[in-house]
Structures are given as structure tokens and as C-alpha cells.
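Read through the structure below, which is laid out as C-alpha cells, and then see the notes.
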Amino acid sequence: MPMSAPVGNRSEPETDRIRTYAGRHGRLSALTRDRLDRYLPARALPPGPLVPVEAFGRQAPVVLDVGCGHGAAAIAYASTHPMHDVLAVDVHVPGMARLLAASDVAGVANMRVEIGDAVALLTDRVKPGQLAAVHLFFPDPWPKLKHAKRRFVRASTLDLLASRLVTGGYVLIATDQPAYAEHVRTEVRAHGGFVVLDAPRPAWRPMDGFERKGMAAGRTVVDLRLDVRDPAKGFAP
């Protein structure tokens, strides 16, 4: 399917992009297909550039949940922050179908979904200054050195995030991989567009999925907050 025209100041040809996710293939189960048929039409992000009033039916702060998995954190945030709108994006179709069903049960009206690549979404469809915050919880750590370039937090995506966030916007990151937390700190310091801070664990985030598995394995969860640096103060690291 052809990609929509870029709407921001920077763009990369699709062929030049390095994927930040592992390819997932296989036939969809009957349950997954049924969930998509029943719930996706009402929740899908409209095609083309993001227009919040068209997507959500109102003008409110938009929070992007990148790699939302089966959506427990996205649903919890939408439920506890009814004055915000949540856009959940992931490439894993069965997980997104599960999110759609759970969203219906939870009755959250302030969430839309995009099944696809978050980097493509940010590059081609989100305009500068449209996002109030971005959540990146337990991203794929790509632990092998030769795969490190695929980590979501890197110079090019930090450029995108800094552009797409409003003044005063921020990124919340959680990981149970110490090497990934150090990678984030290193990349952010080199980039210079954000201030990286240790953050408390959000009270609204459920203990679920990768977080529960990490804790059960004895790993420590690190929460970080990246605040967009004030342009008036310069972007020096």
C-alpha cells in the first residue's frame, strides 16, 4: 500500500527506514478476525494526516502509546485521563485485536488505534506540535549488538519526537533491561533536544505483561521521562 505524503519538515524514504520491530507473520485466528471486524471500524485512526477533531470528535491533548502491545497501559491511561485522547499503535495484529476487545469492555471513548509502524506514523501523518506526550513502555531491547540500530530510541526518532511534541511535551519510557535504560540516556545526551530524568512509576499503569514478567524474573524496572528542552535555552547536550 503506498504511504501518504509526509506532513512534517523531515522525511525518510520508506526504503531507508530501519525497522524498530520484529516481523510477525502467520494466519490470523478466527477470534482475531472477529475482534477486528467488530471493533476496528469504530476505533481505527482515519487515513491520512492526523486531524484530532476528526479522529476523536473533539480537540484535546493527544497522547501516543508506541508499541502498546495488548493495550493494558493505553486503556488504563485513557480510563484515568478522560480529558486526554490516546492513540495506540503497534504492528502486532492479534495484540491489537485483543486491545480492541478490552477497550470495548472498559468503555473508553477517548482511544483510537493504528495497526502499523509508529515511525511511519510519526513521519508521514503526525504534524509538528500535535502530541502532548508519548509513552514507550517496555520496547523491544534488541539486545544483540548488531541489532542495536533497531532500537526505537535513536537520533532519528528523537528528532521526530522533539518535533511532534508540543512545547512542554514529554516522553515516558519504562524498561526492565538495564542496557536499554543506559542506551536511552546515552542517545538523549548526544541528541540534546531533551532532558532525561529518572521518573516515578506512574500510579495508573497496571502491573501487566512485560513488567510483570520482568519483576518475576528479578529485574528492576527503570522509568525515565524525557522533557523537551526549552528552545530558548538551546539544544546543547
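Each reported figure results from applying straightforward, stated rules to the coordinates on display, with no laboratory input. All values derive from a computational prediction rather than experimental measurement. Backbone-built Cβ (ideal geometry, glycine too); neighbour counts: all protein chains shown.
How big is D, in µm² s⁻¹, for the stretch 35-233 by Stokes-Einstein at 37 °C and 0.692 mPa s if Rh is the Kirkwood radius over C-alpha pairs?
192 µm²/s
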Requested in this report: Please give the contour-minus-distance gain from K127 to E54: 0.36 nm per residue of separation, less the Cα-Cα distance, rounded to one decimal in nm.
Outcome: 24.8 nm
Requested in this report: Would you please give the FRET efficiency between T80 and K149, computed as 1/(1 + (r/R0)^6) with r the Cβ-Cβ distance and R0 = 25 Å, to the nearest 0.05?
Outcome: 0.10
Requested in this report: Please sort 174-182, 117-125 by packing, taking for each peptide the average over its residues of neighbouring beta carbons within 10 angstrom, highest first.
Outcome: 117-125, 174-182
Query raised in the report: If the chain between A30 and V195 were fully stretched, how many nm would it gain, using 0.36 nm times the residue separation less the Cα-Cα distance?
Result: 54.8 nm
